[in-house]
Amino acid sequence: MDSIELRHILHQNPETSFREFETQKILLSALKDLKDERLKIYKIAGTGVIALYEPKKGEPFILYRSDIDGLPIEEETDWEFASKNSNMHACGHDVHMSIAYELIKKILSSNIEKNFVFIFQPGEETGAGARYVLDEIEELDIKLALALHVTDEYDFKTIATTKGVLFASATEIDLTFSGKASHVAFYKSGIDSIYLASKFLTEFYNLTFDKAIARFGKIEGGNARNIVSPQTTLMGSIRSESLKITEDIITKIQEVAKSVVQKDGGEFSISKGSIYPPVIVNDKLYELFREFAQKNDIQFIDCGMKYTGEDFGYFSQEYPSLMFWAGVSKGKKYGLHNPKFLPNDEVIPYYADVVFNFLKELEV
């Protein structure tokens, strides 16, 4: 199968985290159609796929990872290959999978004498699927890990990365205020959890944090418009340079919430959702990649730390790792997770070539 054709099929059939059943079938079929016995193909982490290429028995592997899940977003691109359901590959994971597939084809056809493990990983957007993959590959000897992420923040044929923390750690957090229900006409006899939540937000948003962001993006609470809300939950995300900084911010959230309920009554509780460690780029791999880009006249940007969360951070905690932004913009910039985000097909062969040529030359 052609990698562009694969992209079109994948883009039309996006599935959310850990529900990538059709995506898994499509990938398995495409990989088996290569009809190369050197490629060992298996399911992994429930809805993911792993492919092993091991021409040098007993030597360590280079890991290349692609994420595979989509988002619950209605597509607004009017593309002929637009999503056929209510989900969308609005973060470019269809492109990531197709680049990985093209890379596999190039490695097979070139008979490269290096061992590779290709991971098509489920559950990147929610659930930190990388954790489950790592549990299943712990017996493999892996010497380094590599991944990319498309973005229209940068122009096509531009790559961006940095030494150290590239993507901040990301922690999902729920803060729930519990009050006491009463009829709105007798609100003084109740404890209004919406009021508690609003007071918390007013105080908390006046705080500032170094190398961190903490915001709440969703609120749920109340039973009816004429009843004092007995419970309100603020759902948010903390992005920081390290999980230690995140824990300090959670402590501050507790302090502010405690001061609110001590003054106005009620109670509060905090729970965490997915926790993504920071993506850390290995210094040596960064320098080798920068030199490779300069030698090949590829636009290279040191972008510093971004507050984007990415569960490739789990891989970077285990192995020397390199991740980079792959620019796709040709004028318009919508941003990731936007219903109009749509990289052009031509980015697939281009970035597959970039990764292939880098890995071909890489000596570590």
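The values are calculated or read from the model by the stated rules, or taken from the named source; none is laboratory data. Quick caveat, the model's predicted, so the values are computed rather than measured. Because the Cβ atoms are built from the backbone with ideal geometry, glycine has one as well, and the counts that use them run over all protein chains shown. When the accessible area is computed, the model is the full protein with side chains, heavy atoms only, and any ligands, DNA or RNA have been set aside. Shrake-Rupley method; radii C 1.70, N 1.55, O 1.52, S 1.80 Å.
Over segment 1-160, what relative contact order in percent results from Cα pairs under 8 Å that are six or more residues apart? Numbers along the way, then the final one.
Working: 285 pairs, mean separation 50.7, N = 160.
Computed value for segment 1-160: 32 percent relative contact order.
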Checklist entry - Relative contact order of segment 189-327: what whole-number percent is it, with Cα pairs under 8 angstrom and at least 6 residues apart? => result 23 percent
Checklist entry - Which residue, chosen from 92, 73, 110, occupies the Cα position most advanced towards the positive end of the dipole of segment 73-112, where the dipole is computed from +1 (Lys, Arg) and -1 (Asp, Glu) charges on Cβ about the Cα centre? => result 110
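Per-residue counts of other Cβ atoms within 10 Å, averaged by peptide: what ranking do you get for 109-115, 275-281, 354-360, highest first?
Numbers: 109-115: 13.1, 275-281: 24.0, 354-360: 18.6.
The most tightly packed comes first, giving 275-281, 354-360, 109-115.
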Next on the checklist: Below 8 Å, C-alpha to C-alpha, sequence gap of six or more: please give me the relative contact order for the chain in percent.
Outcome noted: 24 percent
Checklist outcome for this item: Pairs over 26 Å Cα to Cα, from 106/157; 284/340; 306/333; 295/330; 284/306, come to 284/340
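Quick one: dipole size for segment 296-364, taken about the Cα centre, charges +1 on Lys/Arg Cβ and -1 on Asp/Glu Cβ, in debye to the nearest 20.
Approximately 500 debye in magnitude.
Quick check on packing: order 147-156, 63-72, 262-271 by the mean number of other C-beta atoms within 10 Å, highest mean leading. It would help to have the intermediate numbers written out before the result.
Details: 147-156: 21.4, 63-72: 24.2, 262-271: 14.3.
So the order, starting with the most tightly packed, is 63-72, 147-156, 262-271.
In segment 130-239, what percent of the accessible surface is made up of carbon and sulfur (1.4 Å probe, ligands and nucleic acids excluded)? Numbers along the way, then the final one.
Details: 2670 of 5550 Å².
C and S atoms contribute 48 percent here.
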Next on the checklist: Calculate the FRET efficiency for residue 357 and residue 252 from the Cβ-Cβ distance with a Förster distance of 41 Å, rounded to the nearest 0.05.
Outcome noted: 0.30
Checklist entry - Which of these values of Cα extents along the principal axes in Å was calculated from the structure shown: (1) 77, 43, 42; (2) 64, 46, 43; (3) 66, 49, 34? => result (1)
